């Protein structure tokens, strides 16, 4: 009976392993069952498969046990001489080491493993290990380096491994790193690319967390409606998956949104749901945040006893987490309640502790809040002299912070102005030098002609006359050609100066719109939102004004992006072009076919801007005039030579006629190609579309391009 039972188990395992590893994982999800099967099977290959399933089933729940299984997996793979499985075992071990915070061990494995995967052409594991390197970099405090590793992983999965699940994981890492660095615009761009892949393939677990992250980005950008939309999407997905952690995070986010707009009833409902779920999973960090939200609501409703208790709970959880800023916020809020209870000495003592923590952590904005709390307490005590002193400290610090921010902005503008001024001066000197060279060369040639003619006249007068005439005629032609050439070079320099000046002005205006006017509009919206108005008519007016400010903020961001796309300056030409084409592809009635051949390297900034404007202008001409159904763009980068082919199947046009009328679109394309010292051929006729063929003989690369420039 024992032999028969063993044979049955092995037979079932064999069928499930070779038909579908996933089905097997679902069929036998109990670790003990898998271990008993492992002991009874004699096949080494089947033992490897079972050990891999054991690693996958225990990585999240018991990483120490998963590490032991991965070591067994590696040892068995080595004994069998199976190098592919040995690399897989090391890949699993690296990720588990990171989860266990054993960063040195993970680093040693990845340092050996990544070059090994590159050498053997194992792109699947190479993509996974660049993902592992990204998580390791984030955990060790370098999110900018982490972004680079996730980006490499994405390109490997897209170009070599053809693995969309891997692409989604890498995009999630890229977007999360940008969000950590408060680069919300860029983070949203990658989250949307992530959703496109995940929604197509129904990667629900990735969507459940991704929706929360993008909602957080939108909330930090004061785009409340979009934030709410994605939190609700996350709730729908995580309820289906029964993921209590992500579900509670979504409820907490919605609670924060409704608390921002002072809808305390809705906010309290969502906070309470979050607390209930966090308690089920014993997620302390979430409980601390939720209790702060509930404390704020109780405080605003005048329920001071419950508010104080909520803040006490959050403070205790923050202590367990060693989160000093969270502890500071909870304590400060308790101090404000003690002021309302007229326990002034206790309140001031709490504020003293909070101030020490804020200064130690260098949290200037928290110091401002504490100065404000001191002032309120002294006013309540009737000590107006000390209240005035605290107000003075508050104003001095606020002015210092604003002055520093303003100084940084002014220094940036001054640097840009000086660079532009220096460029203009250099161009002027170069033009003057060219003019002097032309005059000197002309005089030199004339003098040489006269001397040569005089010498020839002594030898043979008649022959000399003929020779001098021929020579002078030749010199005149050469001089005229040289003058024409120099004039053309001067025109080219002037054109370059104009084009570069235009692009610099675009960048300047885009930055001032985004960083200047955009920030002012967002601040104005926050001030409107913070007003408490009891009059219903005034509340309606304020609500309308807030929505108008939100629309204005969105419009400013859109205009800023159109003038100088952030993707172009941060991530380069190819990411910006891909984003532009994706937007066109989403339009109804038009299809886009984009192909790129070569290595996606960063070129010097002016070259990337000019190439982007050329492609943008060709697309704009198609969308405005061509009535096309299909666009095809092909970019080939070989060594330092770039070749662009652009086609549409629109109504075409008479090329000679357009060139005769000096069409702004064609003129813009031609001038930028000329700026890059390239050539352009345009093939078109009425009724048969248009084809542009652009050759740039040489483009310069950036030696060490930065992946992110925010």
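Within the range 213-227, how many residues are modelled with pLDDT of 90 or more and either on the phi > 0 side of the Ramachandran plot or surrounded by fewer than 18 Cβ atoms within 10 Å (Cβ to Cβ) (or both)?
Of the residues in the range 213-227, 2 are modelled with pLDDT of 90 or more and either on the phi > 0 side of the Ramachandran plot or surrounded by fewer than 18 Cβ atoms within 10 Å (Cβ to Cβ) (or both).
Which of the residues belonging to the range 318-328 are in contact (Cβ under 8 Å) with a residue 12 or more places away in the chain and either outside any helix (DSSP H, G or I) or surrounded by fewer than 23 Cβ atoms within 10 Å (Cβ to Cβ) (or both)?
The answer is 320, 321, 323, 324, 325, 326, 327.
Residue check: is residue 127 within 20 Å of residue 174 (Cα to Cα), modelled with pLDDT of 90 or more and either assigned to a helix (DSSP H, G or I) or within 25 Å of the chain's Cα centre (by Cα) (or both)?
yes
Within the range 675-693, can one find any residue that is closer than 25 Å to residue 569 by Cβ, in the same structural domain as residue 574 (by TED's automatic domain parsing) and out of contact with any strand residue (DSSP E or B) (no Cβ under 9 Å at 6 or more places or on another chain)?
yes
Looking at the structure I just gave you, is residue 662 over 23 Å from residue 702 (Cα atoms), at pLDDT below 85 and assigned to a loop (DSSP other than H, G, I, E, B)?
So residue 662 passes the test.
Kindly establish whether residue 593 is at pLDDT 80 or above, assigned to a helix (DSSP H, G or I) and either within 28 Å of residue 181 (Cβ to Cβ) or in the same structural domain as residue 675 (by TED's automatic domain parsing) (or both).
no
Tell me yes or no: at least one residue of the range 149-163 is free of Cβ contacts under 8 Å to residues at least 40 places away in the same chain, in a loop (DSSP other than H, G, I, E, B) and surrounded by fewer than 24 Cβ atoms within 10 Å (Cβ to Cβ).
The first filter runs over the range 149-163 and keeps only residues free of Cβ contacts under 8 Å to residues at least 40 places away in the same chain, leaving 149-150, 152-154, 156-163.
Of the ones still in play, those that are also in a loop (DSSP other than H, G, I, E, B) are 162-163.
With the extra rule that they be surrounded by fewer than 24 Cβ atoms within 10 Å (Cβ to Cβ), the set shrinks to 162-163.
Within the range 149-163, one or more residues are free of Cβ contacts under 8 Å to residues at least 40 places away in the same chain, in a loop (DSSP other than H, G, I, E, B) and surrounded by fewer than 24 Cβ atoms within 10 Å (Cβ to Cβ).
Could you go through the range 409-419 and let me know if any residue there is surrounded by 15 or more Cβ atoms within 10 Å (Cβ to Cβ), over 26 Å from residue 299 (Cβ atoms) and modelled with pLDDT under 90.
Step one: filter the range 409-419 for residues surrounded by 15 or more Cβ atoms within 10 Å (Cβ to Cβ), giving none.
Taking every residue of the range 409-419 in turn, none turns out to be surrounded by 15 or more Cβ atoms within 10 Å (Cβ to Cβ), over 26 Å from residue 299 (Cβ atoms) and modelled with pLDDT under 90.
Quick one: in the range 193-212, which of the residues that are out of contact with any helix residue (DSSP H, G or I) (no Cβ under 6 Å at 6 or more places or on another chain) and assigned to a helix (DSSP H, G or I) is farthest from residue 180 (Cα to Cα)?
Among them, the one singled out is 200.
Scan the range 609-629 and give yes if some residue there is within 30 Å of residue 151 (Cα to Cα), modelled with pLDDT of 85 or more and not in a helix (DSSP H, G or I), otherwise no.
no
Conditions first: (1) under 17 Å from residue 576 (Cα atoms); (2) crowded, with 19+ Cβ neighbours inside 10 Å. Residue 616 passes all but one, so which condition is the exception?
(2)
Looking at (1) farther than 29 Å from residue 202 by Cα; (2) crowded, with 23+ Cβ neighbours inside 10 Å, which one does residue 131 not meet, given that it meets all the others?
If we test residue 131 against (1) farther than 29 Å from residue 202 by Cα; (2) crowded, with 23+ Cβ neighbours inside 10 Å, just (1) comes out false.
Condition first: within 26 Å of the chain's Cα centre (by Cα) and either within 17 Å of residue 276 (Cβ to Cβ) or buried (at least 20 other Cβ atoms within 10 Å of the Cβ) (or both). Now tell me which residues in the range 228-250 satisfy that. Quick ask: steps written out before the conclusion?
To start, the set of residues in the range 228-250 that are within 26 Å of the chain's Cα centre (by Cα) comprises 228-235, 237-238, 245-247, 249-250.
Passing the criteria: 230, 231, 234, 235, 237, 238, 245, 246, 247, 249, 250.
Give just the number: which of (1) in contact with a strand residue (DSSP E or B) (Cβ under 9 Å, 6 or more places away or on another chain); (2) surrounded by 20 or more Cβ atoms within 10 Å (Cβ to Cβ) does residue 591 not satisfy?
The single condition residue 591 does not satisfy is (2).
The values are calculated or read from the model by the stated rules, or taken from the named source; none is laboratory data. On a predicted model such as this, the values are computed, not experimentally measured, just so you know. Cβ coordinates were reconstructed from backbone atoms using ideal geometry, including for glycine residues, and neighbour counts include every protein chain displayed.
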